[in-house]
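Handing you a structure now.
The values are calculated or read from the model by the stated rules, or taken from the named source; none is laboratory data. As the structure is a computational prediction, the values presented were derived from the model and not from experiment. For neighbour counting, all protein chains shown are included, and Cβ atoms are generated from backbone atoms with ideal geometry for every residue, glycine included.
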């Protein structure tokens, strides 16, 4: 096979991938619109809102204020203070004293051997909750007054055991914009989100810990989070586990009901991504190598090839340029659907490089017996 034939083959492959990305992004955007339609409920069975919190003094006040104002009733709010080293515990105690009938605080007593911090917090909250439905949400989220009622409406409409989805991501700097949108790569290149609910395959499942709404009876069958005690991406693994045990998972559009600013700058975003992305690959270097090769070949190479190829390769260069155009269109559609910064499509190659570099950083640390530090704890 000549160099021209190889270049043409790679160009057509890149074009096919970019078209797939555009089609999948379009289908997922349509599903997001459809999943946003149910009307929020205002009453029903008891719902337990469960919030793991560690070193969240900057965020916890806004989160609790938004949860206390929920229209849905009956409701209980339980917050687990995961051995915070800042003022989080004091803030929580003040809220518990002000809202004794609505809000309960559990203070951690050290991390149990074999457990990571967040799964342990979620297990303690599971054991303390009394609700028929359990709504886990992160301490840096802010909720509209109907967020609980909307999640319950989705659960009933789609008869689901776990409801999760995309919340509105607030991005306050260019550095965050070069990292945070990596959470959407799955819905651009890998997964038809509208089929998460209908297909039984565990691989077609997804969840994000910022909003996870469980049917308590099903979670009890799993004994809470004990099977995921040493998982960093416990949200994704829980979605897969529920499917393996015969449950149903729904992934929906939550951006009108829950918002979050995950990180405050580029550095914290990189560290936060490091602890999750390699874990998502199953901490498997072979998978990481394959992902790196694939992303480099079909997503980064077309950008270079569209700018320059030797004389005689004009036809392949034209195909590469169409590939870049379709990929750019996919990112434009994504920012419109997710309300992301307008300039993101111009920087997506940097975002892809950040994803790969953080994954390799974590792989290097783990392979040498070291760990990623997050909020004063070591994550391996």
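Output the qualifying pairs, or none if there are none: Cβ atoms under 8 angstrom, residues six or more apart or on different chains, first residue in region 284-312 and assigned by TED's automatic domain parsing to the domain that holds residue 324, second residue in a loop (DSSP other than H, G, I, E, B).
287/281; 288/281; 291/281
Could you please let me know if residue 213 is in contact (Cβ under 8 Å) with a residue 24 or more places away in the chain, in contact with a strand residue (DSSP E or B) (Cβ under 9 Å, 6 or more places away or on another chain), more than 26 Å from residue 283 (Cα to Cα) and part of a strand (DSSP E or B)? Talk me through it step by step, then tell me what you get.
On the way: in contact (Cβ under 8 Å) with a residue 24 or more places away in the chain: yes; in contact with a strand residue (DSSP E or B) (Cβ under 9 Å, 6 or more places away or on another chain): yes; more than 26 Å from residue 283 (Cα to Cα): yes; part of a strand (DSSP E or B): yes.
For residue 213, the condition - in contact (Cβ under 8 Å) with a residue 24 or more places away in the chain, in contact with a strand residue (DSSP E or B) (Cβ under 9 Å, 6 or more places away or on another chain), more than 26 Å from residue 283 (Cα to Cα) and part of a strand (DSSP E or B) - is met.
Kindly indicate the residue of region 1-37 that is within 22 Å of the chain's Cα centre (by Cα) and not in a helix (DSSP H, G or I) and also surrounded by the fewest Cβ atoms within 10 Å (Cβ to Cβ) among those meeting that condition.
Let us first name the residues in region 1-37 that are within 22 Å of the chain's Cα centre (by Cα), namely 20-37.
Adding the requirement that they be not in a helix (DSSP H, G or I) leaves 36-37.
On the way: 36: 16, 37: 11.
The qualifying residue surrounded by the fewest Cβ atoms within 10 Å (Cβ to Cβ) is 37.
Exactly one of these conditions fails for residue 94: (1) more than 29 Å from residue 218 (Cα to Cα); (2) in contact (Cβ under 8 Å) with a residue 40 or more places away in the chain. Give me its number.
The single condition residue 94 does not satisfy is (2).
Identify, from the list 312, 272, 282, the residue that is modelled with pLDDT under 95 and closer than 24 Å to residue 125 by Cα. Before you say what the answer is, go through the steps one by one.
Numbers: 312 fails: closer than 24 Å to residue 125 by Cα; 282 fails: closer than 24 Å to residue 125 by Cα.
Within the list 312, 272, 282, the selection yields 272.
Quick one: residue 292 ticks every box in (1) assigned to a helix (DSSP H, G or I); (2) buried (at least 18 other Cβ atoms within 10 Å of the Cβ) bar one, so which box is it?
(2)
Confirm whether residue 36 is within 25 Å of residue 134 (Cβ to Cβ), in contact (Cβ under 8 Å) with a residue 24 or more places away in the chain and touching a strand residue (DSSP E or B) at 6+ places or on another chain (Cβ under 6 Å). Let's see the steps before the verdict.
Working: within 25 Å of residue 134 (Cβ to Cβ): yes; in contact (Cβ under 8 Å) with a residue 24 or more places away in the chain: yes; touching a strand residue (DSSP E or B) at 6+ places or on another chain (Cβ under 6 Å): yes.
Criteria met by residue 36.
On to the next question. Within the group 42, 73, which residue is surrounded by fewer than 20 Cβ atoms within 10 Å (Cβ to Cβ), touching a helix residue (DSSP H, G or I) at 6+ places or on another chain (Cβ under 7 Å), over 30 Å from residue 305 (Cα atoms) and modelled with pLDDT of 95 or more? Give the derivation first.
Numbers: 73 fails: touching a helix residue (DSSP H, G or I) at 6+ places or on another chain (Cβ under 7 Å).
Just one listed residue meets the conditions, 42.
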